[in-house]
Amino acid sequence: MKGKKYKELSSLFGISESTANCQRIVYTSTYTITEKGGFIMPLVQTKLYTEADYYNLPENVRAELIEGNLIYNQAAPSRIHQAILSELHTVINNYIKSKNGSCKVYPAPFAVKLRKDRSTIVEPDISVICDRNKLTDHGCTGAPDWIIEIVSPGNSSHDYIFKLNLYANAGVREYWIVDPDKKRIFVYILEKAKFEVETYTFEDKIKANIYEDLYIDFAELDL
């Protein structure tokens, strides 16, 4: 990233040229975490960012706001990531329409403010919202019923650990992690008192637990 665009982003995020090539940088109050899990000192976020800051980001900047900390990703998603995203969105959307259902399904980028009282806005790969009162001009305010994240190389811990806890605490009912490298799907049922998780392969037919009769056969997806 060079020239004017680099200067604009470096000013916005407070990054130095030595870290500009990192694909993913997480800003906290004390350190910076790169996509590969490394730590860069002493880059310090000088303020907590707000919802207004998030919505004022340039349109071509993909970012999330986690408890006032900006997390952004420069890396374009892979072809297989986009293929899975497209196929799953199509299957879910067609199912909802066939049932004249009230739920809505949105692919990324789609802003989800998990809680009204916190500065956390995420952009799940797929969000299914069944309470339309949660929908706003910006996206969704409140926990979606079902979230699917497709793992990208280098940030698996973000989806497996960090976002799992984030979504569980926010009240997401069901969370799928689709891992193209491992060819595994991890289905978490979060609405019960105790976490439940089932593991599937790309050859399996998987039930969406928020519905009575929606099954997604990964072997039939055109990937």
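The values are calculated or read from the model by the stated rules, or taken from the named source; none is laboratory data. None of the values given here were measured: they were computed from a predicted structure. All Cβ positions, glycine included, derive from the backbone under ideal geometry; neighbour counts span all protein chains shown. Ligands, DNA and RNA are excluded from the accessible area calculation, which covers all protein heavy atoms including side chains. Shrake-Rupley method; radii C 1.70, N 1.55, O 1.52, S 1.80 Å.
Worth a mention:
- When the GluC sites (Glu not before Pro) in the stretch 63-170 are filtered for DSSP coil states and for at most 13 other beta-carbon atoms within 10 Å of their beta-carbon, the remaining sites are 67.
- Sorting 137, 213, 125 by accessible area puts them as 137, 213, 125; the probe is 1.4 Å, largest comes first, and only protein heavy atoms count.
- Projection of the Cα convex hull of the stretch 71-151, averaged over all directions and equal to a quarter of that hull's surface, yields 5.8 nm².
- Working ranking of peptides 196-205, 182-191 by packing, defined as the average number of other Cβ atoms within 10 Å per residue, highest first, is 182-191, 196-205.
- Centroid-to-centroid separation of the stretch 166-209 and the stretch 83-103 [C-alpha atoms, Å]: 17
- Backbone N under 14 Å from the residue 202 label point (7 Å along Cα→Cβ), restricted to the stretch 160-174: none
- Net charge in the neighbourhood of residue 118 (other residues with Cβ under 11 Å of its Cβ; Lys, Arg +1, Asp, Glu -1) is 0.
- The three principal axes of the Cα atoms in the stretch 120-223 give end-to-end lengths of 36, 34, 30 Å, sorted in falling order.
- Taking a sphere under 13 Å around the Cβ of residue 86 and counting the other residues whose Cβ falls inside, with K and R at +1 and D and E at -1, yields a net charge of -2.
- Computed lengthening from residue 165 to residue 181, 0.36 nm per intervening residue step minus Cα-Cα distance: 3.5 nm
- Accessible area (Å², 1.4 Å probe, nearest 10) - residue 78: 60
- List 163, 97, 104, ordered by accessible area with a 1.4 Å probe, largest first: 97, 104, 163
- Extension reserve of the residue 219-residue 75 stretch, reckoned as 0.36 nm per residue once the Cα distance is removed: 49.1 nm
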